[in-house]
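Shown next, in structure tokens, is the structure this report addresses.
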Amino acid sequence: MILCPNCCNIMEDDAIICTSCGAVLQEPETVEEAPEKEAPEKEPFFKKIPKKVKIITPIAVAVVLVVAILLTTIGNVKPRYSHTLYIKDRELFFTDSKTASPVRVTTQLVDLANILDDKIYDSDFSTEAYILDSRCILSKDGKTLFFPDHLTDIMGGFSLYYLNPHDKNSKPKLLDEAVKDYGVDESCKVVTYTAGSDSTLYQNDFEKKTKIDTNVSEFVTSKDGKEIIYLKYSGEIFYYKQNKAKEMVAYNPESFSIVNHDINSVYFQKNKELFKIENGGKLKTIASDVLEVVKYYDSGEIYYLKSQAEPLKYEDYLEDDMKETDEKMQRPQFVPYPSRWDYASDEEYDKALEDYDDVYSAYEEASSQWTQKANRETIRSEIGYETFDVGLNILCYYDGKKEKKLSENTLYVKYSAIADEKPALIFLTADFSKLKKVKISEIDSITAMRAKLEQQITDLTVTELALESSTSVIGFAENRDYFISPDAKTVYFIDDLDDSRNSGNLYEMKIVGKKPREPKFYDSQVLVCPPIVTEDGVFYYKNYDAIDSDTYFNKKLAAEGVLMYSVNYSETLDAFVYLKNWDYTLQYGELEILQNGKTTTIDDSVGLFNFNSAGEVVYLKNYDYYADSGELFTYTNGKKNKIDEGVMRIVPRNTIENFTHGSTGDILIN
């Protein structure tokens, strides 16, 4: 068996492409009416799925119930206090440090009749708990919780309710129905949302709702809720400010990007130009001829690629060393086998037979040369239409004020090696001016020429590091992935793979003063699964067995028999949490935390775990997958506390300071 180096999926030895991630494993109110695109249908809040999904093998259970829930990196959000949401008896419950006991929030999250009618299945809860995370918002003062209730399989949204979870007399109040996305301002005075089959954008101050526009795809609001930038399905981008008319900012962008839900970090591309929408809806041109944005940073820096003016043509790299020879070549005449009737005597016939082998061999050689000429003629006639599949782009860096070109010979960026906090990335370059022409006498097709050129490109490819606007060569390109720390001070990579290609040597490269040091050997027999790189070091895997392995942090053994898919790093805790000694029959194991260089067993018989709003570990003990319930515990500062029992699911960490939903990152329009 082999492991995918990108996602750690387990496959047969002869697998060429990962069946999980696709990685290549081996070479081989009055609104102006205008023609608008109809909003595409969205998935129902709870999708219909076959009942047979409930029948899962032990390994599949580990993947479904552990991978989907645990294989994430929790952001460094520091809310006022901790709160936890979970599902019990098919209802949503809330608990935090201020509540004496858990509070049932929903009155009927799911109608049992819908389950009996096969509209919603219990097994949906295994994934829909994650949707609840983005649908539940707690105000910063903790006095208002927004949540969905009365879910059905009706297409087009959910009913949005709110209540005070700390007031035992507070009853859920309906804000609106068929809500698709929503956000709450910082002071919890206005809710901005899209709702209805026509995706109408509203603002609601709890006394009245104001219609802003229809057919809205994505939106972002200011922290006070008074300004909105939104994108319509018909392609227009609008800026809206309360008590003022909305203004169209742009039309028909190729992409629309909201960085970190920040109204001051909204970008779009149109006609290869990159724009930023600034205060008051004003446009600022960032760059032109932009092919692709690689990374937006919260601090305003951007890495992006520009395309070269003209694609490189194959005919420019062909040396026709057979032109004169081919012009003189005559088509060979077929030489028939000698016939006795053509000769006057037996002696003449015998002589002809003796000479025939040489004559026919000469004919065959001439025919072969003629065939090769025909192949060359095909190449000559078709090569003018061929351009390089591998193109060179210009890598650029924008520091918030001006653009700087970093490399005009960029092949591509290593997306596994882009720092999150400080502008830094690793990319590959090749100097195509050093490409040697391919002689037509050495190839029989354009495909063969492509192979020779690609080999040359591979030999010329260099790996470079960009740190802000500085670049440095860090080596020649091998088929390896790089992993860079968030602060861009350390780079790791795995090389010298063994015969199974499942493990190799781990190398470390320090970056000092924007310059990389020589890579140094770090550890051996390291699994090709992506390591987790933090500012404090690197967490990696060794001694693979099925889906268990031993884990190491900074060369020291952290734990043995760890369920690889369960490892989760929390920036809030600055700790790794994982399951070990997994029992495939009972579907649970030991929950352990690695923090400050020390490993501590949190509890045993744990089936699921996650983090709440404060980054505290929340887990289900004695979880019975088939009964769909377990005991809910929290683990804080070395102490575990039982919250409830009969719990079906943990709703993942809820972001208190989450003002809008809709989108972060790029949205491709066309």
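The values are calculated or read from the model by the stated rules, or taken from the named source; none is laboratory data. These numbers come from a predicted model, not from an experiment. Cβ atoms come from the backbone with ideal geometry, glycine included; neighbour counts cover every protein chain shown. Only protein heavy atoms, including side chains, enter the accessible area calculation; ligands, DNA and RNA are left aside. Shrake-Rupley method; radii C 1.70, N 1.55, O 1.52, S 1.80 Å.
Structure values in brief
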| read-out | value |
| --- | --- |
| Residue 319 accessible area, assembled protein chains, probe 1.4 Å, Å² | 70 |
| Separation in nanometres of the label points that stand 7 Å from Cα toward Cβ, at residue 520 and residue 476 | 2.5 |
| With all protein chains modelled, accessible area of residue 329 [1.4 Å, Å²] | 40 |
| Per residue accessible area in Å² of the stretch 403-536, where ligands, DNA and RNA are left out and the probe is 1.4 Å | 47 |
| For the stretch 162-302, accessible area per residue (1.4 Å probe, heavy atoms of protein chains only), Å² | 44 |
| Separation of alpha-carbon centers, the stretch 231-264 and the stretch 82-99, rounded to whole Å | 36 |
| The stretch 541-590 shape via C-alpha gyration tensor axes, a/c threshold 1.5 | oblate |
| Whole-percent carbon and sulfur share, accessible surface of the stretch 285-354, 1.4 Å | 46 |
| 5 Å binning of all Cα-Cα separations within the stretch 199-243, expressed as whole percents from 0 upward | 5, 21, 34, 25, 11, 3, 0 |
| Where labels lie 7 Å past Cα in the beta-carbon direction, separation of residue 271 and residue 415 in nm | 2.9 |
| Percent RCO, i.e. relative contact order, over the stretch 356-444, from Cα pairs under 8 Å lying at least 6 residues apart | 20 |
| Virtual paramagnetic centre 7 Å along Cα→Cβ of residue 353, amide N under 11 Å, in the stretch 304-344 | 338-340 |
| Gap separating the Cα centres of the stretch 150-216 and the stretch 290-312, nearest whole Å | 37 |
| Rel. contact order, % - alpha carbon contacts under 8 angstrom, at least six apart, the stretch 497-583 | 16 |
| Accessible area, probe 1.4 Å, largest first, for residues 147, 238 | 238, 147 |
| Calculated FRET value between residue 252 and residue 452, using beta carbons and R₀ = 35 Å, to 0.05 | 0.25 |
| Selection from 204, 221, 192 lying farthest towards where the dipole of the stretch 182-242 points positive, charges on Cβ | 204 |
| 380, 340, ranked by accessible area, largest first (probe 1.4 Å) | 340, 380 |
| Too-long pairs where the Cα-Cα distance tops 22 Å, listed order kept, from 88/621; 209/282; 244/282; 180/208; 171/211 | 209/282; 171/211 |
| Solvent accessible area, Å² - residue 190, 1.4 Å probe, full protein context | 10 |
| Heavy-atom accessible area ranking, 1.4 Å probe, most first, across 609, 93, 521 | 521, 93, 609 |
| Restraint check, 98/295; 328/436; 306/452, Cα-Cα greater than 32 Å | 98/295 |
| Anchor residue 556: lysines whose Cα lies under 22 Å away (excluding residues fewer than 8 positions away in-chain) | 489, 510, 520, 542, 580, 598 |
| Mean Cβ neighbour count within 10 Å, used as a protection proxy, ranking 343-354, 197-208 highest first | 197-208, 343-354 |
| Residue 408-residue 365 FRET efficiency (beta carbon distance; Förster radius 35 Å; 0.05 resolution) | 0.15 |
| Share of carbon and sulfur in the accessible heavy-atom surface of the stretch 450-546 [1.4 Å probe, %] | 44 |
